[in-house]
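Participant: Pasting in a structure now, in structure tokens, and then I'll have a few things to ask.
The values are calculated or read from the model by the stated rules, or taken from the named source; none is laboratory data. The structure presented is a predicted model; accordingly, all values stated were derived computationally and were not measured. Every residue, glycine as well, gets a Cβ built from its backbone with ideal geometry; the counts of neighbours run over all protein chains shown. For accessibility, only protein heavy atoms count, side chains too; no ligands or nucleic acids. Shrake-Rupley method; radii C 1.70, N 1.55, O 1.52, S 1.80 Å.
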Amino acid sequence: MIQFDLQNKVVFVFDGDHQVGKEIIRLYTEAGAKILFLSRTAPEDESIFILKYKDGSSSNDIGPVNLENSSFLQGLPDLHQIDIIINNLETDTGKEIIDITPEEWENVMFINLDVPFQLIKMITPLMEKQNDGVIINVSSTSAIDGGNGDTAYAASKSALESMNKALSRELASSNIRVNAVSVGKYDTSDSIPLGRKVTASEIANIILMLTTPMASYMNGQTILLDGGKTLA
Amino acid sequence: MERKKAILVIGGAAGIGKDYVKNRAARGDSVIFTDLNKEAGEALVNELALKGKEATFFQHDVTDWENTKGIINKVIKQFGRIDTLVHSAGITVSKSFEELTFPTWKKTISVNLTGLFYAVKAVIPEMLHHKGGNIIIIGSGSAITGTGGGVHYAASKGGAFGLMRAIASKYSHLGIKINLVAPRVIQTEMLDRLYPTEESLEKLVQKIPVRKIGTLSDTTNAINFLASKESDFIQGQVLLIDGGRTFLS
């Protein structure tokens, strides 16, 4: 395995609670990066985030995230710098369109689209000042094949991918690269040519690679991580 | 004699939707169309009436679920069923990412994407009840290229792709046909706003492989094809109507 050296880099991970987020944090810590990440301390309310900071083995809470304005970004350690954004936030309804209520739809759009949009918008001025940055949006092959038929989830992910493309065009002149990784979340093992589901570590590995200079010419792409399923 | 088809066009008082409404009314279908702009809707009804053609108009705020549900219930009551839904409602305000505010982002997503969700959600039970129905979404090539007005517009139009595929994955075997027409560089008021001068328009034409701007007939023809039996094996597809602009230039 190639070892990446990301010492002196600051990574902002949207959602460090779930399996993939935890694996991303583990991998970037191993590479020496400092990590800011969002965590939900009130699981009953998906809209409340706490910002946490991790540098090596030490970690601490910074405080609640206010999406209305970027003031929560003031007073962060290493605020002078955010090099990498990894948007791994998502929620779904697990329902078909007939059963999805307008409120459930709104919640999926909020978590999967509005929050990433607002956070990216708050952070990109920093990256523009640095004239350097990488943004990764984690998407899903539901955007292509409808996944399990959850209309809200599929729509939010294809919207995210188009946002990703538009962002990559707009931010390229500031040397900010924007890419997406599309994961076959709902694929079943027997439908995947490789015959098994993706692991959290395989998702984190691709994200890590895309955020290093190894991928310095990659921009505006959606990388399918689906074991060959989608185009099979 | 074949039963008169009931066609519901959401966003039918301007642009692509309006041209399609006129086309179907001229052919004698039962055309029902909605729009936020009441004046424009009523004007179109009058314009058609002068030619001896008929269409039914409802003023409609697509961001209001109760309003959407109410209109679709009325249409079903009055016409018995909805054979084809054409969803053409959409807005755009050209903004750079830097200029873009959250309210503009949210409004664009609400009208272009949530409005589509409401309409499809409201017609699907009715179409399943009749074991068939055809949904045609007017999307945009912006979803593929990320161009055409900003991050908010691309996202709002991109969302329609996944929505369509989720519907196709769930209801294809139950008789629901769904496809998406993705126009780019079509002569509409929206294009006029994006390319306000003759010079900017001419520059655009030079970027289009077929060296011309598309017309409303081009989109209406595509919608007519997807609404017809001749295209019944086409499912879950994106049909770009763009003069080759998206993939060749």
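Participant: Find the centroid of the Cα atoms in the range A:185-215 and in the range B:111-150, then give the distance between the two in whole Å.
Facilitator: Using only Cα atoms to place each centre, the spacing works out to 30 Å.
Participant: Hey, got the average number of other protein chain Cβ atoms within 10 angstrom for residues in A:141-148?
Facilitator: Per residue, the average neighbour count from other chains is 5.
Participant: Give me the distance between the Cα centres of the range B:179-249 and the range A:56-120, rounded to whole Å.
Facilitator: Taking the Cα centre of the range A:56-120 as reference, the centre of the range B:179-249 is 36 Å away.
Participant: Report, by chain and number, residues whose modeled amide H sits under 5 Å from the one on A:Ser182, excluding near sequence neighbours (fewer than 5 apart, same chain).
Facilitator: When sequence neighbours closer than 5 places are left aside, the close amide H contacts are A:Ser139, A:Ile223, A:Leu224, A:Leu225.
Participant: For the range B:121-172, which trypsin sites (Lys or Arg not before Pro) are in a loop by DSSP, counting at most 11 other Cβ atoms within 10 Å?
Facilitator: Passing both the DSSP loop test and the Cβ count: B:Lys131.
Participant: With a point put 7 Å past each Cα toward its Cβ, work out how far A:Ser189 is from A:Asp99 in nm, to one decimal.
Facilitator: Inter-label distance under the simple model: 2.6 nm.
Participant: Counting only residues 5 or more places away or on other chains, whose amide H sits under 5 Å from the amide H of A:Thr93 once H atoms are built in the peptide plane?
Facilitator: Residues meeting the criterion, in which the H sits 1.01 Å from N, are A:Tyr153.
Participant: Now for a different question. Going by the alpha-carbon gyration tensor, a ≥ b ≥ c the square roots of its eigenvalues, is the range A:143-200 rounded (a/c under 1.5) or, if a/c is not under 1.5, prolate (a/b greater than b/c) versus oblate?
Facilitator: oblate
Participant: Let me ask another. Can you run phi through the Karplus equation (6.51, -1.76, 1.60; θ = phi - 60°) for the range B:57-65 and list ³J(HN,Hα) in whole Hz, with x for Gly and Pro?
Facilitator: 10, 10, 6, 8, 9, 5, 7, 10, 4
Participant: Now, a different point. Compute the convex hull volume of the Cα atoms of the protein assembly as shown, divide it by the residue count, and report the result per residue in Å³ as a whole number.
Facilitator: 154 Å³
Participant: Run the 1.4 Å probe and let me know the accessible area of A:Asp55, rounded to the nearest 10 Å².
Facilitator: 60 Å²
Participant: Could you quote the convex hull projected area for the range A:1-119, Cα atoms only and averaged over all directions, in nm²?
Facilitator: Computed as one quarter of the Cα hull surface, the answer is 8.6 nm².
Participant: Could you tell me what percent of the DSSP beta bridges with both partners in the protein assembly as shown are antiparallel, to the nearest 5?
Facilitator: 20 percent
Participant: Enter the buried accessible area of the B/A pair, total of both sides, probe 1.4 Å, in Å² rounded to the nearest 100.
Facilitator: 3100 Å²
Participant: Carbon and sulfur together cover what percent of the accessible area of chain B at a 1.4 Å probe radius?
Facilitator: Carbon-and-sulfur percentage of accessible area, whole number: 53.
Participant: Shifting gears a bit: Note down the nm distance, to one decimal, between modelled labels 7 Å out along Cα→Cβ at A:Ala172 and at B:Ala40.
Facilitator: A separation of 3.3 nm, rounded to one decimal place.
Participant: Provide the per residue accessible area, probe 1.4 Å, for chain A, rounded to a whole number of square angstrom.
Facilitator: Each residue of chain A exposes 40 Å² on average to a 1.4 Å probe.
Participant: By what distance, in whole Å, do the Cα atoms of chain B stretch along each of the three principal axes, largest value first?
Facilitator: So the three principal-axis extents are 50, 41, 36 Å.
Participant: Here is a further query. Which whole-Hz ³J(HN,Hα) couplings does the range B:223-237 yield from phi under the Karplus relation 6.51 cos²θ - 1.76 cosθ + 1.60, θ = phi - 60°, glycine and proline marked x?
Facilitator: Whole-Hz 3J(HN,Hα) from phi for the range B:223-237: 5, 4, 5, 5, 7, 9, 4, 4, 10, 5, 9, 9, 9, x, 9.
Participant: Quick one: longest stretch of chain B between exposed loop GluC sites (Glu not before Pro), exposed meaning at most 10 other C-beta atoms within 10 Å and loop per DSSP?
Facilitator: Result, exposed sites excluded: B:100-249.
Participant: For the range B:5-47, list residues with backbone N below 14 Å from a point placed 7 Å from the Cα of B:Glu54 toward its Cβ?
Facilitator: Answer for the range B:5-47: B:5-7, B:25-33.
Participant: How large is the convex hull of the Cα atoms of the range A:10-225 per residue, expressed in Å³ as a whole number?
Facilitator: Residue-normalised Cα hull volume stands at 123 Å³.
Participant: Sort out the exposed loop GluC sites (Glu not before Pro) in chain A (DSSP loop, at most 16 other Cβ within 10 Å) and tell me the longest stretch that has none.
Facilitator: Formally, the longest exposed-site-free interval is A:69-232.
Participant: Another question, if that's okay. If each DSSP helix of 4+ residues adds -39,500 (n - 2.57) and the sum is divided by the residues in chain A, what number results at 222 nm, nearest 500 deg cm²/dmol?
Facilitator: The helix-only estimate for chain A comes to -9500 deg cm²/dmol at 222 nm.
Participant: Trypsin sites (Lys or Arg not before Pro), restricted to the range B:200-249: which are DSSP loop and have at most 13 other Cβ atoms within 10 Å?
Facilitator: Within the range B:200-249, the qualifying trypsin sites (Lys or Arg not before Pro) (loop, at most 13 other Cβ atoms within 10 Å) are B:Arg211, B:Lys212.
Participant: Taking the alpha-carbon set of the range A:62-176, what are its Rg and Dmax in Å?
Facilitator: Final numbers for Rg and Dmax: 15.7, 47 Å.
Participant: Mean residue ellipticity at 222 nm from the helices of chain B, using -39,500 (n - 2.57) per DSSP H segment of n ≥ 4 over the full residue count, to the nearest 500 deg cm²/dmol?
Facilitator: Calculated at 222 nm, the ellipticity per residue is -14500 deg cm²/dmol.
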